[in-house]
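*Asks:* The structure is given below, and queries will be raised subsequently.
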């Protein structure tokens, strides 16, 4: 583990020479203490951290602005994708919906990164489109193609057919999986749920799947805005209930993905996304005032100042925004998440270390969840993911 300390020493991003104490052994563990400017670094094997904590998860404490010893860390899309153990499951169960709608598989896949890397957040293995079937919107997720909506919404009559989402009735496996995850993880990490934001969900069901130009939903927005608003309201009501359901069954924080809202101009974001995000947050906070809500919108640099007005507790930044600039633009009241470029995990271990430390230094000591600025990329070397977590969990404020 002395190599971890040496990577900090060579970190050009810090431009500060660390001072390292002599290594000391405590029973079977080797400890190396390093001071790097205002950041105190303590390296310890991720695998050897076995202490069971009954206290509140670090991630929740950090979001609330409490004094924490280091930034909590997890990775978006961390369940599966790059892990060989997940690929083995995919070979046995090739259907994504089967993997994400079977309690045993959901739990097993959700726990795969936890068992190996011990992140501070364990996110439910699922998809933002999971509620669609329960809303009378048939869909599938096809390997190599992505989401496919069988009957895209075009008219008011199509919106009328969209029914109210009742999570307990239509996705009981989500609640069961979250309950099991809480039992498995205890409070050693925060169990994370997630939902899709109304505009992003509407984009999928109007476009019929993924899109490059979002011409169909923009046509609907600008030619028949009442139809789109009706659809957005249905998703808003349903996603608020879905978040409440996840929290009632064990989720200790919930992330809202508004991946496609940033395809809107600011004036259109103010009409078709922002009000509905506010509604969701207001509704959830009435019933679950202490539940941390995280908002992630990819490519949100042009809209950043608007995001705290949703009322969320955390804004997740993608890597196109400098963390220091993001902090300044968001203001001190909101926590931040991110924002290491996922491509960094293809670099050398020294390079990964430097980027982690640069992000943490710019984020400052508190109200920061260390994460990538987007989902982890397929093909990312697992040993680099292990290094990412080892370095991240070795940081001390």
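The values are calculated or read from the model by the stated rules, or taken from the named source; none is laboratory data. Owing to the predicted nature of the structure, the values given are computational and were not obtained by experimental measurement. Every residue, glycine as well, gets a Cβ built from its backbone with ideal geometry; the counts of neighbours run over all protein chains shown.
*Asks:* Determine which single condition residue 120 fails, assuming it passes every other condition in (1) crowded, with 22+ Cβ neighbours inside 10 Å; (2) out of contact with any helix residue (DSSP H, G or I) (no Cβ under 6 Å at 6 or more places or on another chain).
*Replies:* Every condition holds for residue 120 apart from (2).
*Asks:* So, of the residues in region 262-276 that are crowded, with 21+ Cβ neighbours inside 10 Å and not in a helix (DSSP H, G or I), which turns out to be nearest to the chain's Cα centre (by Cα)?
*Replies:* Among residues in region 262-276 that are crowded, with 21+ Cβ neighbours inside 10 Å and not in a helix (DSSP H, G or I), the one nearest to the chain's Cα centre (by Cα) is 273.
*Asks:* Another question about this same structure. Mind listing whichever residues of region 70-92 are touching a helix residue (DSSP H, G or I) at 6+ places or on another chain (Cβ under 8 Å) and either in a helix (DSSP H, G or I) or modelled with pLDDT of 95 or more (or both)?
*Replies:* If the condition is that a residue be touching a helix residue (DSSP H, G or I) at 6+ places or on another chain (Cβ under 8 Å) and either in a helix (DSSP H, G or I) or modelled with pLDDT of 95 or more (or both), then 70, 71, 72, 73, 74, 75, 84, 85, 86, 89, 90 are the ones that fit.
*Asks:* State whether one or more residues within region 152-160 are in contact (Cβ under 8 Å) with a residue 12 or more places away in the chain and under 27 Å from the mean Cα position of the chain (by Cα).
*Replies:* Within region 152-160, not a single residue is in contact (Cβ under 8 Å) with a residue 12 or more places away in the chain and under 27 Å from the mean Cα position of the chain (by Cα).
*Asks:* Continuing with this model, one more query. Could you list all residues from region 130-157 that are in a helix (DSSP H, G or I), surrounded by fewer than 16 Cβ atoms within 10 Å (Cβ to Cβ) and out of contact with any helix residue (DSSP H, G or I) (no Cβ under 6 Å at 6 or more places or on another chain)?
*Replies:* Once the filter is applied, which keeps residues that are in a helix (DSSP H, G or I), surrounded by fewer than 16 Cβ atoms within 10 Å (Cβ to Cβ) and out of contact with any helix residue (DSSP H, G or I) (no Cβ under 6 Å at 6 or more places or on another chain), region 130-157 yields only 157.
*Asks:* Still on this structure, please answer the following. Against the definition (at pLDDT below 50, under 16 Å from residue 191 (Cβ atoms) and in a loop (DSSP other than H, G, I, E, B)), how does residue 15 come out, yes or no?
*Replies:* No.
*Asks:* Which residues, taken from region 292-302, are at pLDDT 95 or above and under 19 Å from residue 269 (Cα atoms)?
*Replies:* Once the filter is applied, which keeps residues that are at pLDDT 95 or above and under 19 Å from residue 269 (Cα atoms), region 292-302 yields 294, 295, 296.
*Asks:* Looking only at region 340-363, filter to residues that are in contact with a strand residue (DSSP E or B) (Cβ under 9 Å, 6 or more places away or on another chain) and within 22 Å of residue 60 (Cα to Cα); which one of those is surrounded by the most Cβ atoms within 10 Å (Cβ to Cβ)?
*Replies:* For region 340-363, the residue satisfying everything is 359.
*Asks:* Right, here's the next one. Among the residues of region 364-397, which ones are touching a strand residue (DSSP E or B) at 6+ places or on another chain (Cβ under 8 Å) and within 19 Å of residue 294 (Cβ to Cβ)?
*Replies:* Once the filter is applied, which keeps residues that are touching a strand residue (DSSP E or B) at 6+ places or on another chain (Cβ under 8 Å) and within 19 Å of residue 294 (Cβ to Cβ), region 364-397 yields 367, 368, 369, 370, 371, 372, 373, 392.
*Asks:* A further question follows. Tell me, which residue of region 287-312 that is surrounded by fewer than 15 Cβ atoms within 10 Å (Cβ to Cβ) and assigned to a loop (DSSP other than H, G, I, E, B) is nearest to the chain's Cα centre (by Cα)?
*Replies:* 290
*Asks:* Looking at region 355-387 only, could you name the residues that are in contact with a helix residue (DSSP H, G or I) (Cβ under 7 Å, 6 or more places away or on another chain), free of Cβ contacts under 8 Å to residues at least 60 places away in the same chain and not in a loop (DSSP other than H, G, I, E, B)?
*Replies:* 356, 359, 362, 384, 387
*Asks:* Looking at 279, 337, 255, 246, which is the one that is part of a helix (DSSP H, G or I) and either touching a strand residue (DSSP E or B) at 6+ places or on another chain (Cβ under 7 Å) or surrounded by fewer than 17 Cβ atoms within 10 Å (Cβ to Cβ) (or both)?
*Replies:* 246
*Asks:* Here's something else I'd like to know. Only one of these is out of contact with any helix residue (DSSP H, G or I) (no Cβ under 9 Å at 6 or more places or on another chain) and modelled with pLDDT under 95: 332, 289. Name it.
*Replies:* 332
*Asks:* Something else: Would you mind telling me which numbered condition in (1) surrounded by fewer than 20 Cβ atoms within 10 Å (Cβ to Cβ); (2) out of contact with any strand residue (DSSP E or B) (no Cβ under 6 Å at 6 or more places or on another chain) residue 203 fails?
*Replies:* (1)
*Asks:* If you don't mind, another one. Consider residue 161 carefully, then state whether it is more than 24 Å from residue 104 (Cα to Cα), in contact with a strand residue (DSSP E or B) (Cβ under 8 Å, 6 or more places away or on another chain) and surrounded by fewer than 16 Cβ atoms within 10 Å (Cβ to Cβ).
*Replies:* When the stated conditions are applied, residue 161 does not pass them.
*Asks:* Something else about it: Quick one: would you say residue 111 is modelled with pLDDT of 95 or more and crowded, with 21+ Cβ neighbours inside 10 Å?
*Replies:* When the stated conditions are applied, residue 111 does not pass them.
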